Amino acid sequence: MKKGIISFGAYLPYNYLSRATLGKVWGDKGGKGEKSIADVDEDSLTMAVEASMGCFRFIKREHVNSLYFASTTGPYAEKSHSALISVACDLSNSDMFAVDFMSSTKAGTNAIKAALDSAVANPGNSILVVASDMRNGYPKSKQESGFGDGAAAVVIGSGDNLLAEIDYFTSVSEEINDYWRNTDEKYTLHAEERFCDEEGYLREVKIILTKLLKETNTKITDYNKVVLVSQNSRLQVKISKKFGIKPEQLSDTLLSNVGDTGAAQGILGIVNALENSAAGDKILVVDYGNGANAMVLTVTEKIAQIKGEEQIKNYLNTREELDSYVRFLSWRDIAAAEPGGAFKLSPSTAQTWREQNINLRLHGSFCNNCGATSYPISRVCDNCGALDNYEAVRLSDQVCKLYTFSVDMYAGRSDAPVIIQAVAEAPNQAHIYTVLTNCKSDDVKFDMDLELTFRKMHELGNFPNYFWKFRPLRRKRV
């Protein structure tokens, strides 16, 4: 039975911080390149929704019946992230199996292995696997400079409609304290650097590569691309020399211009390799974290539909540099900002649950009597007055036109005081009121195209409250 990747998506935040800026703060040159920075209203969950939305270019939501979420930085210690992500993606509750894979930087490829097993056991099932991370390194540490924020997703299934077939998967497990983070700590901890490199990464990657090549009876030269997950490029060079991986074979895992994205790096590397592959290419993937995973992919002719629709390239080309290190610290709650005053009342958990179709799925109502669409869902049609004669419609994937807006210079937090309130019109004439993000106030124009992005609004009630905001177009569509 053929099994593999039916669709894929990725997400890179709007903001990035150059390593030169980081170095200047601490009085040294800093490194080369940039690291992606999640915005003040983003976390691992919102980035996972973004990456997942990118998958619906090549598969319908109705065909996805499982969602696996992988991360080391989910906002909840006790609550299902995958269930919330599935609702925000407007997936069906009736058949949905949602599960979290946490705590390991190879959680993303661990979830792929589980999805492959499920696809074989349940032919016809489609499993959305999404990995997302936004880890913190201690200020002035190599981890602070090296870590980056991002998310990536693949849909795993079986049959003939595959973009890439997964031919083989193998694993090794190892108990070692090289990198870890305790539940009550902000920063990733690590042992002595040489121990982490020699007894951790290099040892396990050598074992898994030797194991895979022996089990598949292949050579490194048989592979067009090698996705080699690592904490830094120096380790990639060492493994490449050991196994004879040529520079043209080594696929970019975005360490230089995005950073080490933790649990997301493996899947992000797969997505980037696929976006730059041709039919027939063989891709070798190696992931690391308390052991290692390795898999072999064969790209199919279906990959032709990706041409011109590369998400990663588009996200890299639509970023903005954050030139303030202090603001970065504030956004991560390392240097606390004065909270904004826009939200006064603590939310009701019961109301949050009751209104999830409106607030999380972003459903409006389509009047069966006159054809008008309104948001939020209304039992009485604003246009013709018909009562309870409507169908719920999804608005989250619509491209809207800015109808009107206002700029408040002091409504936000002290580290992000400007709030742009906006009303935009969807193609079905529904008007949606929310906030505009990832956009400078001077760049806002009437009738500009906007898309909806899932964001964190506040944490009143002692839990993250999520809703949708507008932003200028960044997500690729087919």
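Here are a few things to note about the model shown:
- Note on region 55-85: residues that are closer than 16 Å to Arg361 by Cβ, free of Cβ contacts under 8 Å to residues at least 40 places away in the same chain and under 18 Å from the mean Cα position of the chain (by Cα) amount to 3.
- Which numbered condition Leu189 misses (of (1) under 18 Å from Val227 (Cα atoms); (2) among the aliphatic types (A, V, I, L, M); (3) surrounded by fewer than 16 Cβ atoms within 10 Å (Cβ to Cβ)): (1)
- Residue that is farthest from Ala119 (Cα to Cα), among those in region 165-199 that are touching a residue at least 40 places away in the same chain (Cβ under 8 Å) and small (Gly, Ala, Ser): Ser173
- Matching residues in region 53-64 - criterion: being outside any helix (DSSP H, G or I) and at pLDDT below 95: Phe58, Ile59, Lys60
- Residue check, Glu50 part of a loop (DSSP other than H, G, I, E, B), modelled with pLDDT of 95 or more and not β-branched (Val, Ile, Thr): no
- Single unsatisfied condition, Cys439 versus (1) more than 18 Å from the chain's Cα centre (by Cα); (2) surrounded by 17 or more Cβ atoms within 10 Å (Cβ to Cβ); (3) within 26 Å of Ser365 (Cα to Cα): (3)
- Ser396 fulfils the conditions (1) within 26 Å of the chain's Cα centre (by Cα); (2) not in a loop (DSSP other than H, G, I, E, B); (3) not aromatic (Phe, Trp, Tyr) except for a single criterion, (2).
One line per residue, one yes/no per condition, for (1) at pLDDT 95 or above; (2) surrounded by 20 or more Cβ atoms within 10 Å (Cβ to Cβ); (3) farther than 20 Å from Asn293 by Cα; (4) out of contact with any Ser or Thr (no Cβ under 7 Å at 6 or more places or on another chain):
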| position | (1), (2), (3), (4) |
| --- | --- |
| Val229 | yes, yes, no, no |
| Gly244 | yes, no, no, yes |
| Thr253 | yes, yes, no, yes |
| Val258 | yes, yes, yes, no |
| Gln265 | yes, yes, no, no |
| Leu268 | yes, yes, no, no |
| Ser277 | yes, yes, yes, yes |
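- Filtering Leu322, Leu316, Leu387, Leu360 for residues that are within 30 Å of Lys35 (Cα to Cα), in the same structural domain as Leu460 (by TED's automatic domain parsing) and either surrounded by fewer than 16 Cβ atoms within 10 Å (Cβ to Cβ) or not polar (S, T, N, Q) (or both) leaves a single hit, Leu360.
- Elements of type strands (runs of 3 or more DSSP E) in region 93-168, at least 1 residues being acidic (Asp, Glu) and within 18 Å of the chain's Cα centre (by Cα): 97-102, 127-133
- Qualifying residue in region 454-467 (condition: without any contact (Cβ under 8 Å) to a residue 60 or more places away in the chain and either under 17 Å from Trp331 (Cβ atoms) or under 17 Å from the mean Cα position of the chain (by Cα) (or both)): yes
- A count restricted to region 230-265 and to residues that are without any contact (Cβ under 8 Å) to a residue 60 or more places away in the chain, within 22 Å of Leu22 (Cα to Cα) and of a type in the set (S, T, N, Q) stands at 3.
- The residue list Ala83, Ala98 contains one member that is touching a helix residue (DSSP H, G or I) at 6+ places or on another chain (Cβ under 6 Å), assigned by TED's automatic domain parsing to the domain that holds Asp323 and over 14 Å from Val154 (Cβ atoms), which is Ala98.
- For region 275-289, the criterion of being in contact with a Gly (Cβ under 6 Å, 6 or more places away or on another chain) and not acidic (Asp, Glu) is met by no residue.
The values are calculated or read from the model by the stated rules, or taken from the named source; none is laboratory data. Just so we're clear, the structure is a prediction, and the values are computed from it rather than from any experiment. Neighbour counts run over all protein chains shown; Cβ positions are idealised from the backbone, glycine included.
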